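The values are calculated or read from the model by the stated rules, or taken from the named source; none is laboratory data. Every value quoted in this text rests on a predicted model; they were computed, and no experiment measured them. Backbone-built Cβ (ideal geometry, glycine too); neighbour counts: all protein chains shown.
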Amino acid sequence: MMGGKRILDDAQVDEACALRERGYSCERIARHFQARGIAITRGSIAWLCLVNGADLPPHLRRPQTAPAPGIAVKRGGHVMRTFTAEDDRRLLALEAAGLNYSEIARNLDRKPNSIRGRLATLARNQARADCLERTLP
């Protein structure tokens, strides 16, 4: 793990993901673990679910809004650049070439965690599109 000591063990991560797929909010999942004495935030739950591919059932998903591609936005105490379509194309090409998160990050002048999160977001978006395609006549 990149950030240090893990908050949840593998079984707890599986449990959190299962709760998310049953429709629990990230806040509710965090409270579930907090009631058991585990100090975890809604944001940590959201990240775990994202990188593990756990998503809400389709009927509970809200439309996604995102800042315009390629602009800098402030998140917490730091500024981040959103990804453009060209960034995504390069990111996917570098991943397909077998580069790891750190190597891709250096190529795109990003942090490795940003790369990991973006790849997970692209995978989630593709899974949602595939799910929608399967439900259309």
Would a scan of the range 60-74 turn up a residue that is closer than 21 Å to residue 128 by Cα and modelled with pLDDT of 95 or more? no
Only unsatisfied item for residue 70, checking (1) over 18 Å from residue 18 (Cα atoms); (2) touching a helix residue (DSSP H, G or I) at 6+ places or on another chain (Cβ under 7 Å), is (2)
Across the range 98-111, what is the number of residues that are out of contact with any Lys or Arg (no Cβ under 9 Å at 6 or more places or on another chain) and in a helix (DSSP H, G or I)? 3
Tell me, which residue of the range 1-32 that is touching a helix residue (DSSP H, G or I) at 6+ places or on another chain (Cβ under 8 Å) and among the basic types (Lys, Arg) is nearest to residue 46 (Cα to Cα)? 20
Counting residues that are farther than 18 Å from residue 121 by Cβ and touching a residue at least 24 places away in the same chain (Cβ under 8 Å), which helices (runs of 4 or more DSSP H) fully inside the range 1-97 reach at least 2? 10-21
Sole residue being touching a Gly at 6+ places or on another chain (Cβ under 8 Å), surrounded by 11 or more Cβ atoms within 10 Å (Cβ to Cβ) and farther than 27 Å from residue 105 by Cα, chosen from 50, 60: 60
